[in-house]
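Sharing a structure here in structure tokens format.
What follows is calculated from the coordinates using simple rules that are stated; it is not laboratory data. The shown structure was predicted, so the numbers you read here are calculated from the model rather than taken from an experiment. Neighbour counts run over all protein chains shown; Cβ positions are idealised from the backbone, glycine included.
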Amino acid sequence: MVQQYKNQNEKDGSAKESADNLPEDVSGALVQVNENTWDIPVSHIRGMRVPGRIFLSKKLLSSIDLATVDQIANVSMLPGILDYSMAMPDVHLGYGFTIGGVAAFDPQDGVISPGGVGFDINCGVRLMKTNLSRADVVPHIKTLTESLFHKIPSGVGSKGQFRVNDTQLTDAFLHGSEWAVEAGYGIKDDTKNCESGGFMKDGDPEKVGTKARQRGRPQFGTLGSGNHFLEIQYVDKIYDPAAAAAYGLYEGQVNVMIHCGSRGAGHQICTDHLQNLNEAVKKYKIAIPDKQLACAPAQSKEAQDYFEAMICGANYAWANRQVIMHWTREVFENFYGKDVDELGMKLLYDVAHNVAKYETHTVDGKKKDVYVHRKGATRAFPAGHPEVPQHYRDVGQPVLIPGSMGTPSFILKGGPKSMELSFGSACHGAGRVMGRGQAKNNMSGEAIRDELERQGITVRADKPSVIAEEAPSVYKPSDEVVDVVDQLGIANKVARLIPIGVIKG
């Protein structure tokens, strides 16, 4: 298939045009398939089992480098990989897999790899609607932002006001958002609007180590650090009126977006099981090109132990976002003197973007159960898919793509091509183009904060360096990233949201 595309490009002259638009170091590594799709032929690196495939526009080509291309190719060498080693338009270098990486593996011949999930298991996004207008909120944005900053701890090592005991922690590992709602941190309808109902089945807390439990107990209800945030936004543009109506969205509406994950619990789960899987690589004699791709045969004890522990980490993350949302509601209730129903503070949806799942997909024309790894990528299931909540099923799953402080976020719907092109997957954000260290060295957090203030965006963070390392300019333009999946039909734009108040982790 790749050679067919290559021959066609050479025939019509587009191969030279593509090369001229590529960074010099990758100009010979990619073959253009169409305007937004590029393949890495199996000849790029010896040992590739399937081609690599990158969904990327010509505008975004300059953001990719050879190390990222090689990392996509490395994933294609893992046993049992199906179709392609894929990368979304927000792609950049990660641990093992690229951020934005997607790969599906045969359950019998394939593997499970923590590198395809990441350390922040089920880092994800949830969006809560309100019936407040921009005019209701903008005059009070500094007070609201400050109140949320003091209510919801953020930053490295932050600890929450809710300390769970061992029994509660086990319940969270098993039942995620469902447990948090039953514990009084939410309302019944919240779990209806979460991917997988807010928890994955078949987690085994016995596979979670003591240190992971110790790290997880004090951190419920905390944002953490890095690119995590809580953002007050308003809808400034509707692209698809019918889908927006189904989601309960309208122009001028204020919403709240929460982006965080499994905190220290998830990080430690990954760390612990990587040690086991490094040994499994030797035990099962698996040839891997990069130690960060440690893995084990999907049905092996080592792989299943990790998978069951990963599910616990994913469920912890859903419970964590649920608790943060509950406290966000309390801040709005106290400020406006109205309850949740009066404020219309209902969950639109919650999506995971660092997780492996056992799903049914069509491979070579036949239905097949596979392990899909999404590392910095989110589900984008289309209309009619049985895992889309019933009240959204005629439209498709909401796909939440956050921006970066000063840039727009987007709500999309799962597109008609997602199952065909990407195992039902889309991008998860804008994607970094500059490392955190470089950003802190080159930028002033105070200057960025002041500039955002002039744009009408209030930012609160533990220290200025956090703002510097998350500056809008260190990310790709979110609109250009979203345009790629929209044009491909993987996920289609529904609404655009503009930030007005931001708490950085």
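Looking at the calculated P(r) for segment 141-243, what percent of the C-alpha pair distances fall above 23 Å?
That tail contains 43 percent of the Cα-Cα pairs.
In the chain, with Lys and Arg counted as +1 and Asp and Glu as -1 at Cβ, which of these residues, 228, 437, 495, has the Cα nearest the positive end of the dipole, that is, farthest along it?
Checking the options against the dipole of the chain, the answer is 437.
On to the next question. If you look at just the Cα atoms of the chain, how large are its Rg and its Dmax in Å?
For the chain, the Cα-based Rg and Dmax read 21.7, 68 Å.
Could you give the longest part of the chain that holds none of the GluC sites (Glu not before Pro) found in DSSP loops with at most 16 neighbouring Cβ atoms within 10 Å?
It works out to 36-250.
Calculate how large, on average over all directions, the projected area of the Cα convex hull of segment 365-418 is; give the answer in nm² to one decimal.
Answer in nm², one decimal: 5.1.
When each pair of different Cα atoms in segment 230-341 is counted once in the 1/r mean, what is the Kirkwood radius in angstroms, to one decimal?
The answer is 17.8 Å.
Taking the dipole about the Cα centre of the chain, with the C-beta of Lys and Arg at +1 and of Asp and Glu at -1, give me whichever of 347, 392, 33 is farthest to the positive side.
Farthest along the dipole direction, towards plus: 347.
Okay, next question. Would you please report the Å³ per residue occupied by the convex hull of the alpha carbon atoms in segment 86-166? Don't skip to the end; give the middle numbers.
Numbers: hull volume 18.1 nm³, N = 81.
Output value, Cα hull per residue: 223 Å³.
Taking the Cα centre of the chain as origin, work out the dipole magnitude from +1 charges on Lys and Arg Cβ and -1 charges on Asp and Glu Cβ, in debye rounded to 20.
640 debye
Once you have the Kirkwood Rh of segment 368-505 from its Cα pairs, apply Stokes-Einstein at 25 °C and 0.890 mPa s and quote D in µm²/s.
Estimated diffusion coefficient is 152 µm²/s.
What do the square roots of 5 times the Cα gyration tensor eigenvalues come to for segment 459-505, in whole Å, largest first, as semi-axes of the equivalent ellipsoid?
For segment 459-505, the semi-axes come out at 28, 13, 7 Å.
Under 5 Å between amide hydrogens, which residues at least 5 positions from residue 424 or on another chain qualify, with H placed 1.01 Å from N in the peptide plane?
Under 5 Å from the amide H of residue 424 lie the amide H atoms of 419, each far enough along the sequence or on another chain.
I need to check one value: relative contact order of the chain, counting alpha carbon pairs closer than 8 Å and at least 6 residues apart, in percent.
20 percent
Then there is this: Could you point to the residue in 456, 320, 56 farthest towards the positive end of the chain's charge dipole, with +1 and -1 charges on the Cβ of Lys/Arg and Asp/Glu respectively?
So the residue we want is 320.
For segment 51-104, taking Cα atoms only, what is the radius of gyration to one decimal and the Dmax to the nearest whole Å?
10.3, 34
With the cut-off at 20 Å, tell me which of the pairs 417/493; 463/504; 211/463; 201/291 have Cα atoms farther apart than that.
Beyond 20 Å: 211/463; 201/291.
Explain nothing, just the number: dipole magnitude of segment 187-269 about its Cα centre with +1 on each Lys and Arg Cβ and -1 on each Asp and Glu Cβ, in debye rounded to the nearest 20. Please report the intermediate quantities before stating the final value.
Numbers: 10 positive and 10 negative charges, 123 e Å.
So the dipole magnitude of segment 187-269 works out to roughly 600 debye.
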